[in-house]
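Worksheet for the structure shown next.
Every read-out reported here was derived from the displayed coordinates using simple, explicitly stated rules and does not represent laboratory data. Note that the structure is predicted; figures quoted are calculated from it, not measured. Because the Cβ atoms are built from the backbone with ideal geometry, glycine has one as well, and the counts that use them run over all protein chains shown.
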Amino acid sequence: MRLVSISLRNLRVRLVATVLTMMSIVVATALYAGILTMAEQTKARYEGSIGGYQAIAGPNGASELEVVLNTIFNVGEAPGLIPFAVCQKLRSGRGIGRRSQVRFAIPQARGDSISRFNYPVVATVDEMFTKFEWKRAPLVFAAGGPFTFSYGQLMEMAEQLTAYENARRAEVDVDARPPRPLLQKQWRECVIGARVARTLGLKLGDVVTPVHGKVGEFGSHDHPEASCEIVGILASTNSPIDSTIYLPLGIHLLIDGHEQGVFLDPQVPGKSPAQVESMPTSVGRIGLTAVITDPKDHMGPQILRREFGSHPEAQVAWPQEVVPKFLRQIGNAADALAVIAWLVLFVAAVSITVAIYNTMNERRREIAIMRSLGARRAQILTIITGEAALLSLFGALLGVGLCHVAAYAFQEHVEDVTGVFLDWAQLRVWELWLVFGVTGIGAVAGFAPAVKGSMTQVADNLAQNY
Amino acid sequence: MIHLQGVSKSYSRGEHAVLACAVDRLDVEAGEQVALVGRSGTGKTTLLHILAGILCADAGEVAVVGERLDQLGEAARDRHRGRHIGMVYQTFNLLQPFTALENVLMGALFGRGAAGDARDRAEALLREVGLADRMHHRPAELSVGQVQRVAICRALINDPELVLMDEPLGNQDRATGGQVLDLMLKIASEQKKTVVMVTHDPASAERMQRTVDLATLRGQEAAT
């Protein structure tokens, strides 16, 4: 028998009070661990997900953060459209493209989704799998390969679509109009991320049907004509890429109901929107949500910055700058929440003090008996402080455990809402320190009642009958 | 074994000091079995607590098992009590949440520390007093006689030189009390332990080697 056995037994004897007191420790620890976990994994997720996204051209009306969050992290709605001309300029051997020495400029358009998880659909070209680099290497396929819709095919289709659109705007007879390009059967292929495949149980050869908007929301509808066969499943990147469906941009542009929104009409002074809509348009006015680009050297960003600084419709967002700023803001919020968690922990510590202190009167005889057997005051102090410490230790362990259980339970939901993947199974060193810290706080909380207990008068309290 | 000289102990009751115990001189030899008797209020239990080092005398010499308790600090007296003195109380004073074995082991823990063989010794003692099948029972699950035997085992677990008993038969019928006293005295005789027992019961006192009336220990000066 050891002193700790006595502490444990005393906790067991007052099981209800012990459990109730422990609950506050559990909640406080779980809250604190949850906040730290979210903050840490958000940081890891966001920093780790920047990957190959060096620069993103997005609409001018949005903030850089909105552009980055939507393009890289699938958070929120697409903040607006930029003209395809931006992509053309970046890719051309002249002007911006030449001066900034862009390695690639990959057009993207989004707005559709699939499944109840609302996995976003990103319409793009095959360069996303051949030129785009995720952590200095092309995206790896776990199965299959990329779809075959190239930038050249996009341009060819865009020319046809523009010709048709201009004829329509000019109100040329339907029979005399150039034909609207058809949605080619060979384009109806898509590549899905690892998480999409895992959670929806999809495999190569399966067919997914994009939904306009988000599943279940007002106005959303299926696009069966754009159903695509899965030709590639990406290996896990532990980033939002895992939750994305990539399909050819041609499908996106030709999808039923997208006719009115494909071309981005400029604001022309003195003309109403209706008048502008009847004006001729061009391939460069096709709307995109973003262009992923990558300057070749350190001068590239400076040149891009200067070129887009005064662009009327587009801006360039730099994930490497935006994300750390964003994380600092998240860090501040996490710090504020951590203060609340500490306050809860403080209240829990006070509840330990009160709970044990209140038992001291009924335990005077028990303490007197131990003293009569030779127990020193220090040993009584140790037993009672040990009770508080053990109670806190168990509470802290349960709290950390609860945090992991909650992370497991809400993993999918949190990833859907925030794009953050909660790794519930990962044990972290700070969890150990948290458990030690909470145990220490508990021991301190037990010190006042322990002092009271150790001061118990032996002779006076031995005489009572049991 | 015990030497008391000019010992007195008073309690404060409001503005007044009440003399609880006064002993001009008391000597007990090693291995002796002594009954302390006296009317209620003569300070028998107070004297027992002074001998145990639970209370500190206001004045006088208190030498017990080779130590001047009146010269020791509280922690040293606690240690001395744990190592050299076994105590049996009228109310047994077993700790209810703990089993018989654990109650005995607690005596070892606070006496000589959590030594490796404490459990073996405790089990042997409990077997010796006929509680082999009750070791893991809590006090509430034991009869009065069994509880008292556990208390005796706890008093003997550290192999103390001195056993102090405070009205050990007070709560029992004469037959049960007699058996327990028989057991205690048998063990004490076998192991040559000094026993000091406070009792009201003349029959129990007669079974001890010597009876000391506390009133006779009180000096004239103290008595007044």
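What distance in nm lies between label points placed 7 Å from Cα along the C-beta direction at residue A:333 and residue B:138?
5.0 nm
Give me the percent relative contact order of the stretch A:55-317, please, defined on Cα pairs under 8 angstrom at least 6 residues apart.
Result for the stretch A:55-317 is 35 percent.
Going by how many other beta carbons lie within 10 Å of each one, how would you line up A:16, B:23, fewest first?
Ascending Cβ contact count within 10 Å gives the list A:16, B:23.
Radius of gyration and Dmax for chain B's Cα atoms, expressed in Å?
Every Cα atom of chain B included, Rg and Dmax give 17.3, 54 Å.
If the viscosity is 0.890 mPa s and the temperature 25 °C, what translational diffusion coefficient in µm²/s does Stokes-Einstein give for the stretch B:1-74 when Rh comes from Kirkwood over Cα pairs?
Here the translational diffusion coefficient equals 192 µm²/s.
Return the subset of A:131/A:296; A:135/A:296; B:9/B:44; A:131/A:203; A:89/A:185 for which the Cα-Cα distance in this structure is over 21 Å, preserving the input order.
Result: A:131/A:203; A:89/A:185 exceed 21 Å.
Suppose we flag GluC sites (Glu not before Pro) only when DSSP calls them loop and at most 15 other Cβ atoms lie within 10 Å. Which is the longest uninterrupted stretch of chain A?
My reading of the result: A:218-361 is the longest stretch.
Which is farthest toward the positive dipole end of the protein assembly as shown among B:110, A:33, A:205, measuring Cα position about the Cα centre, with Cβ charges +1 (Lys, Arg) and -1 (Asp, Glu)?
Of B:110, A:33, A:205, it is B:110.
When B:189, A:282 are ordered from fewest to most other Cβ atoms inside 10 Å of their Cβ, what list results?
B:189, A:282
Size of the dipole of chain B about the Cα centre, Lys and Arg at +1 and Asp and Glu at -1 on the beta carbon, nothing else charged, in debye to 20?
240 debye
Once phi is turned into θ = phi - 60°, what whole-Hz ³J(HN,Hα) does the Karplus curve with 6.51, -1.76 and 1.60 give for every residue of the stretch B:88-99, x standing for Gly and Pro?
Calculated HN-Hα couplings, in order: 10, 9, 4, 9, 6, 6, 7, 8, 4, x, 9, 6 Hz.
For the protein assembly as shown, list the cysteines whose Cβ sits under 4.7 Å from no other cysteine Cβ?
Singleton cysteines: A:87, A:403, B:21, B:56, B:153.
Along the charge dipole of the protein assembly as shown, Cβ charges K/R +1 and D/E -1, which of A:70, A:438, A:405 sits furthest on the positive end?
Result: A:438.
Using the reciprocal of the averaged 1/r over all distinct C-alpha pairs, how large is the Kirkwood radius of the stretch A:55-317 in Å?
Values: mean 1/r = 0.0528 Å⁻¹.
Kirkwood hydrodynamic radius for the stretch A:55-317: 18.9 Å.
Percent antiparallel among DSSP beta bridges with both residues in the protein assembly as shown, to the nearest 5?
65 percent
For a quick size check, give me the Cα extents of the protein assembly as shown along its three principal axes, largest first, whole Å.
Its Cα atoms span 137, 50, 42 Å along the three principal axes.
In terms of modelled amide H atoms, which long-range or inter-chain residues lie less than 5 Å from the amide H of residue B:142?
Excluding prolines and chain starts, which carry no amide H, there are no hits.
For the stretch A:317-327, in order, what is each residue's ³J(HN,Hα) by Karplus, 6.51 cos²θ - 1.76 cosθ + 1.60 with θ = phi - 60°, in whole Hz (x at glycine and Pro)?
Per residue, the Karplus-derived 3J(HN,Hα) values read 9, 10, x, 5, 9, 5, 5, x, 4, 4, 5 Hz.
Which cross-chain or sequence-distant (5 or more) residues have an amide H under 5 Å from the amide H of residue A:141, H modelled 1.01 Å from N in plane?
Excluding prolines and chain starts, which carry no amide H, the hits are A:235.
Find which of B:38, B:84, B:53 sits farthest along the positive direction of the dipole of the stretch B:1-104, computed with +1 on the beta-carbon of Lys and Arg, -1 on that of Asp and Glu, about the Cα centre.
Projecting each Cα onto the dipole axis, the largest value belongs to B:38.
Can you pull the mean other chain C-beta count within 10 Å for peptide B:81-88?
Counting other chains' Cβ atoms within 10 Å and averaging over B:81-88 gives 3.
Charges only on Cβ, +1 for Lys and Arg, -1 for Asp and Glu: so what's the dipole of the protein assembly as shown about the Cα centre, in debye to the nearest 20?
Approximately 1180 debye in magnitude.
Could you tell me the distance between the Cα centroids of the stretch A:108-174 and the stretch A:309-374, to the nearest Å?
That distance is 47 Å.
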